[in-house]
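Accompanying notes for the structure given below.
The values are calculated or read from the model by the stated rules, or taken from the named source; none is laboratory data. Treat the numbers as computed from the prediction; the structure is a model and nothing was measured. Please note: Cβ atoms are built from the backbone with ideal geometry, for glycine as well, and neighbour counts cover all protein chains shown.
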Amino acid sequence: MQRSAQVEPLGLEMIAGALQSRHEVALVDLRLESRGLDSLVQDFKPHLVGISSSFTVDIYRAINAAKTVKNVDPDAFVIVGGHHPSLQPADFNHAAIDAIAVGEGEITLQELAECLEMGGDIRRIPGLIINHPEGQFLTPQRRMIEDLDMLPLPVRSLTEPYRRHYYLLKNYPTASVETTRGCPYRCRFCSVWNFYQKKVRSKSPSRVIEDLAAVKEPHVFFTDDNFLSDVRRSREIAGLIREKGIRKKYTLQARSDAIVRNPDLIAIWKEVGLYSVFIGFEKPTQDDLDALEKQNTVENNERALQILRNEGIEPIASFIVDTDYDLKDFKTLRSYVRRLKLKSPFFTVLTPLPGTILYEEDKEKLITSDYELFDVLHAVVPTRLPLDRFYRELAHLWRRSYSRWKLSLARLYLLWHYHGLNKSPTRYLREVLAEARHLGNARYYMQPQIHASVNRGNR
């Protein structure tokens, strides 16, 4: 699924903003950087190296990056941060990693850099887990940042060499903008509320506009988990966008109940550039939706779909496939997608990711410890159907939703689009199309090494 998007490292850009006033900062996007990390470390000679590892599937790459840094300069202080390290720090108890930043990193990294510079005691800095040979040492918990407006703007100039390669589906190039942190809901499959200590905080509309005004890209992705949660604030942001004459195409994530309660808000945002909306439909039946503790309804999903379509917006609707699905369940989901005539559905496998309620319930059922398989496309707990049949049904969902002719038309459109812009298709175009083809092929899920590690749990 990561091929479908390659967004800018916004968290690192914001931490760079907190450090740049007193320290020399460089930012390397290893997904795009052509030079090896070892040579980059040799040239820059950093005293402090921060590695982002938000997604569970990124763990091994983060650890390998830390090992590379230490091989070049054993004295460099290496710290890892992000969702997974904060919620499952034991996975990063490694000799190449000196510490883990728990939760928000701006103030923690700022204090850490100053402490290292002065030769102070890092054990006094809140929000750290320090790795020692005898175990991990936890410093006092850091409180969430109350006023997000006091944080510096992200330093996007540090990613200038990479920015033309950041995209979200067919939206290219795309910049990311954060306006809110946290979520008030407690969905069983999500860890956002846990990471942010069950708090929700927002940046002021004027601060959001200040950030937007500095963005050069034509597409903007609001990273908030529910952008429309504060209706008055969302209206004010749209009004300021209109007043300032900021012309962008916006993609946001929203809950369907927020859309249903405020249909006029969609019309307002459409006028200022709303282009695409991600909605977690999750399930085709109310009982299954209730089991996820989504606190929403299938009726709301369908009403929100109509509201968006009335404004000419076709949402990207995501669904969660349970490993407990049988053939009837797969048929129900296929029929539902077909009945609603969804043009851009996404399907993920229900995965007990660390930090979620689901993980605490199902961690004893895990049939693999290979985090590469925690990509929400593979089963990491036993399936009701034989594993190969489960993946055939999953692939069938994708094939029925994205036929060959639709993929071919998408390819022709995008090629024409980039030819018209006098640009050759970049790697992102090839990867998006390749991902769509792979997801409709059951063999993609059943590679030999994956079959060996997962199938053991189905014997």
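Here are the numbers for the structure shown:
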{"quantity": "From 391, 371, residue being surrounded by fewer than 21 Cβ atoms within 10 Å (Cβ to Cβ) and among the hydroxyl-bearing types (Ser, Thr, Tyr)", "calculated": "371"}
{"quantity": "Single residue of the range 227-255 satisfying the filter (among the hydrophobic types (A, V, I, L, M, F, W, C) and in a helix (DSSP H, G or I)) that is nearest to residue 182 (Cα to Cα)", "calculated": "231"}
{"quantity": "Residue ID - surrounded by the most Cβ atoms within 10 Å (Cβ to Cβ), chosen from residues in the range 79-107 that are of a type in the set (D, E, K, R) and more than 15 Å from residue 57 (Cα to Cα)", "calculated": "104"}
{"quantity": "Condition check for residue 289: free of Cβ contacts under 8 Å to residues at least 12 places away in the same chain, within 21 Å of residue 189 (Cα to Cα), in contact with an Asp or Glu (Cβ under 7 Å, 6 or more places away or on another chain) and surrounded by 18 or more Cβ atoms within 10 Å (Cβ to Cβ)", "calculated": "yes"}
{"quantity": "Some residue of the range 324-332 being in a loop (DSSP other than H, G, I, E, B), modelled with pLDDT under 95 and of a type outside the set (S, T, N, Q)", "calculated": "no"}
{"quantity": "Condition check for residue 158: modelled with pLDDT under 95, closer than 22 Å to residue 58 by Cβ and either buried (at least 17 other Cβ atoms within 10 Å of the Cβ) or of a type in the set (Gly, Ala, Ser) (or both)", "calculated": "no"}
{"quantity": "Members of the range 181-208 found to be modelled with pLDDT of 95 or more, touching a Ser or Thr at 6+ places or on another chain (Cβ under 8 Å) and surrounded by fewer than 16 Cβ atoms within 10 Å (Cβ to Cβ), listed by number", "calculated": "201"}
{"quantity": "Residue 167 being in contact with a strand residue (DSSP E or B) (Cβ under 6 Å, 6 or more places away or on another chain), of a type outside the set (A, V, I, L, M, F, W, C) and assigned by TED's automatic domain parsing to the domain that holds residue 254", "calculated": "yes"}
{"quantity": "Residues satisfying the stated conditions in the range 209-226, i.e. out of contact with any strand residue (DSSP E or B) (no Cβ under 7 Å at 6 or more places or on another chain), among the aliphatic types (A, V, I, L, M) and either buried (at least 18 other Cβ atoms within 10 Å of the Cβ) or assigned to a helix (DSSP H, G or I) (or both)", "calculated": "209, 213"}
{"quantity": "Options 258, 267: the member that is among the small types (Gly, Ala, Ser), at pLDDT 95 or above and farther than 30 Å from residue 331 by Cα", "calculated": "267"}
{"quantity": "So residue 169, is it of a type in the set (A, V, I, L, M) and modelled with pLDDT of 95 or more", "calculated": "no"}
{"quantity": "Matching residues in the range 114-138 - criterion: being hydrophobic (A, V, I, L, M, F, W, C) and surrounded by fewer than 21 Cβ atoms within 10 Å (Cβ to Cβ)", "calculated": "115, 116, 118, 122, 130, 137, 138"}
{"quantity": "Which listed residue, of 33, 8, 13, is surrounded by 16 or more Cβ atoms within 10 Å (Cβ to Cβ), of a type in the set (D, E, K, R) and assigned to a loop (DSSP other than H, G, I, E, B)", "calculated": "8"}
{"quantity": "Candidates 319, 330, filtered to the one that is in contact with a strand residue (DSSP E or B) (Cβ under 9 Å, 6 or more places away or on another chain), closer than 16 Å to residue 190 by Cβ, crowded, with 16+ Cβ neighbours inside 10 Å and of a type outside the set (Ser, Thr, Tyr)", "calculated": "319"}
{"quantity": "The range 202-223 - residue that is in contact (Cβ under 8 Å) with a residue 40 or more places away in the chain and in contact with an Asp or Glu (Cβ under 7 Å, 6 or more places away or on another chain) and, of those, farthest from residue 147 (Cα to Cα)", "calculated": "223"}
{"quantity": "Residue 264 being within 30 Å of residue 324 (Cβ to Cβ), assigned to a helix (DSSP H, G or I) and out of contact with any strand residue (DSSP E or B) (no Cβ under 6 Å at 6 or more places or on another chain)", "calculated": "no"}
{"quantity": "Out of 342, 289, sole residue that is over 30 Å from residue 53 (Cβ atoms), over 20 Å from the mean Cα position of the chain (by Cα) and in a helix (DSSP H, G or I)", "calculated": "289"}
{"quantity": "Any hit, the range 295-314, residues being outside the structural domain of residue 86 (by TED's automatic domain parsing), crowded, with 21+ Cβ neighbours inside 10 Å, within 25 Å of residue 400 (Cβ to Cβ) and touching a residue at least 60 places away in the same chain (Cβ under 8 Å)", "calculated": "no"}
{"quantity": "Qualifying residue in the range 393-405 (condition: under 22 Å from residue 341 (Cα atoms), in contact with a Pro (Cβ under 6 Å, 6 or more places away or on another chain) and among the small types (Gly, Ala, Ser))", "calculated": "yes"}
{"quantity": "Filtered residue count, the range 36-77, keeping only those that are outside any helix (DSSP H, G or I) and closer than 17 Å to residue 9 by Cβ", "calculated": "9"}
